[in-house]
Amino acid sequence: MLVNLKNRYIILFFLIFCFLSCAKKDNDAPVISIISPVENTSYQLPASIVIRGNVIDDHNINNIKINIVDENQSPISTEINITIDSFEYQFEESFQINERLLNSGTYYVNVKAFDEENNLSSSYRSIQISEIPRVLKSIYFLTQGHFFTYLYQLTVGNGFVITENIHSITGNFQKSISNSRHEYIFVGTENVGNAFEHEFFTDLWMINPSLSPYNYFTGLHLTDLGNQLHVVSGDGEIKTFNKNGQITNTIYAAQQEWFGEVVFDDDFIIGEVFSSLISRSIVVLNRNSGAENQRFQNIGEVVKIGKLSDDICYVVNQYQNNMQLKKYSISTNNYWLEYEFPNCNVYDAFYKDNLLFLATDLGFLRFNFNTMSLVNLNGQYPFHNLKYEDISGLFYLTSGSKLCIFDEVNNALNTFDLNDTLTDILLHYNK
């Protein structure tokens, strides 16, 4: 009897084992239903995006994850992870999206659900996001005196202007630039290069100038949407800094040469190098390695160089007392004169829509590359600095202590006397 009972238990355990082994494994993933937002709902940033829906499973749901991603599956929100111990769950989560650098486009609500067997299901719902509009936040100007450079904030009203001294940097002014994307201002003086944030003007990082035969800060350029700051220095180097002030690349001029005005494109640095005041050339360098591709001798001094097309650069050249407007072809290494204006000294230039606007000692000039014509828009003052505000279409020009504002059809709107000589104007945006 004991033997038979033992055999019966063995058979029973064997049958239970077979039953469990043959039981169907759960291979079915949870089912997700996104109720809100509906497909292609539009949002204007900053926005609150509420995601509602439910998840069901024939067994227990383990957890769900909810976030918002771009077309490359990169998240633009914090992921919410909810632990669940149920076969059904209704969710409602709110996401605050206020990233100022987020671009307009198609984005996706993404909900993932996992059951206890780690079966995964994922559901997407496309939404349309409109970016935070770009706006001008602040206008700054710089002056110098008593071995200090002073930064002022400028508020322009209906026929009046308010100035406020908000920061000072040791040393006489050399160059400055505003980086709206990463929210800092950089000012280079004979003593220091200082990057500081624009709200409370707290120092972020600094550059200590080395000895050089010319001004150390001879050029400042932003590329890659402001992610890179290129500092052209009087010791014959172009250093590239990231937003944290770390050097990511250095380009060296040839021995006994220095850099003048330059322009950056995706592949090259095109600009002027010189070994003396009269020995100057236009060169094309590889943007990453600094290897020289070609050069062409230049007579005179380059005041401004920029791109007209992928291949053609415009060159504003000062030859003795004559302003010259030239073109340079990267592909053919040809350099030629387009227009010459005698007895005119040019200090700054801005290119837009085949028009070249020029700050000169004869006034505010405009050259049309289509008609090859030069017009003096305003000859009341000699102008030295020129900035274009692309949202309002206003030009800001300096003449000594005067700030002159013109609209896009070049009507003089206002002239303000700010008492001190203006060394530069900075336009700072929200992004």
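No lab work stands behind these numbers, since they all come straight from the coordinates. Remember, it's a predicted structure, so these values are computed and weren't measured experimentally. Neighbour counts run over all protein chains shown; Cβ positions are idealised from the backbone, glycine included.
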query: Among 420, 115, 203, which one shows the biggest mean-square fluctuation in a GNM of the chain, springs joining Cα atoms closer than 10 Å?
result: 115
query: Label 7 Å along Cα→Cβ of residue 210; region 256-277 residues with amide nitrogen under 20 Å?
result: 256-261, 273-276
Residue with peak Gaussian network fluctuation, the chain [Cα springs, cutoff 10 Å], from 163, 78, 421: 78
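How much mean residue ellipticity at 222 nm does the chain get from its helices, if each DSSP H run of length 4 or more adds -39500 (n - 2.57) and you divide by all residues, to the nearest 500 deg cm²/dmol?
-1500 deg cm²/dmol
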Reciprocal of mean inverse Cα separation for the chain (Kirkwood radius, Å): 26.3
Listed residues 125, 100, 181, most fluctuating in the chain (Gaussian network, C-alpha, under 10 Å): 125
statement: Quick note on 206, 372, ordering by fewest other C-beta atoms within 10 Å, gives 372, 206
- request: Take the Cβ-Cβ distance between residue 122 and residue 56 as r, set R0 to 22 Å, and report the resulting FRET efficiency rounded to the nearest 0.05.
  value: 0.90
Exposure proxy order (Cβ contacts within 10 Å, fewest to most) of 261, 88: 88, 261
- prompt: Along the positive direction of the dipole of region 136-429 (beta-carbon charges: Lys, Arg +1; Asp, Glu -1; about the Cα centre), which of 136, 149, 328 reaches farthest?
  reply: 328
message: Could you derive backbone 3J(HN,Hα) for region 212-229 from the dihedral phi with the Karplus parameters 6.51, -1.76 and 1.60 (θ = phi - 60°), listing whole Hz in sequence and x where the residue is Gly or Pro?
response: 8, x, 10, 3, 5, 8, 9, x, 10, 9, 9, 9, 6, 6, x, 6, 10, 10
message: Neighbour counts of other C-beta atoms within 10 Å: give me 147, 367, 91 arranged from fewest to most.
response: 147, 91, 367
field: Cβ-Cβ FRET estimate between residue 309 and residue 94, R0 fixed at 35 Å, reported to 0.05
entry: 0.15
query: Under a point-charge model restricted to the Cβ atoms of Lys and Arg (+1) and Asp and Glu (-1), what is the dipole moment magnitude of the chain relative to its Cα centre, in debye to the nearest 20?
result: 300
query: For labels at residue 147 and residue 265 in the simple 7 Å Cα→Cβ model, what's the distance in nm?
result: 4.6
message: I'd like to know which of 173, 415, 274 lies farthest towards the positive end of the charge dipole of region 136-429, counting +1 on Cβ of Lys and Arg and -1 on Cβ of Asp and Glu.
response: 274
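Over 27 Å between Cα atoms, which of 65/243; 175/431; 326/431; 327/431; 112/431 qualify?
65/243; 326/431; 327/431; 112/431
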task: Return the sequence-ordered ³J(HN,Hα) values of region 106-121 in whole Hz as given by the Karplus equation 6.51 cos²θ - 1.76 cosθ + 1.60 applied to θ = phi - 60°, using x for Gly and Pro.
output: 8, 10, 9, 6, 10, 10, 10, 10, 10, 9, 5, 8, 6, 5, 10, 10
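To the nearest 20 Debye, how big is the dipole of region 194-270 about its Cα centre, given +1 on the beta carbon of each Lys and Arg and -1 on that of each Asp and Glu?
In total the dipole reaches around 200 debye.
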task: Using only Cα atoms, tell me the angle between helix 2-22 and the longest principal axis of the chain; keep it within 0 to 90° and round to the nearest 10.
output: 30
- line: The extension gain from residue 69 to residue 130, computed as 0.36 nm times the residue separation minus the Cα-Cα distance, is 20.5 nm
query: Nearest 20 debye, what's the magnitude of the dipole of region 287-340 about its Cα centre given +1 on Lys and Arg Cβ and -1 on Asp and Glu Cβ?
result: 100
query: Which listed residue (95, 216, 44) has the Cα farthest towards the positive end of the charge dipole for the chain, taking +1 on Lys and Arg C-beta and -1 on Asp and Glu C-beta about the Cα centre?
result: 216
- request: Starting from the Cα gyration tensor of region 210-313, take the square roots of the eigenvalues, sort them a ≥ b ≥ c, and report rounded, prolate or oblate (rounded when a/c is under 1.5, otherwise prolate if a/b is larger than b/c, else oblate).
  value: oblate
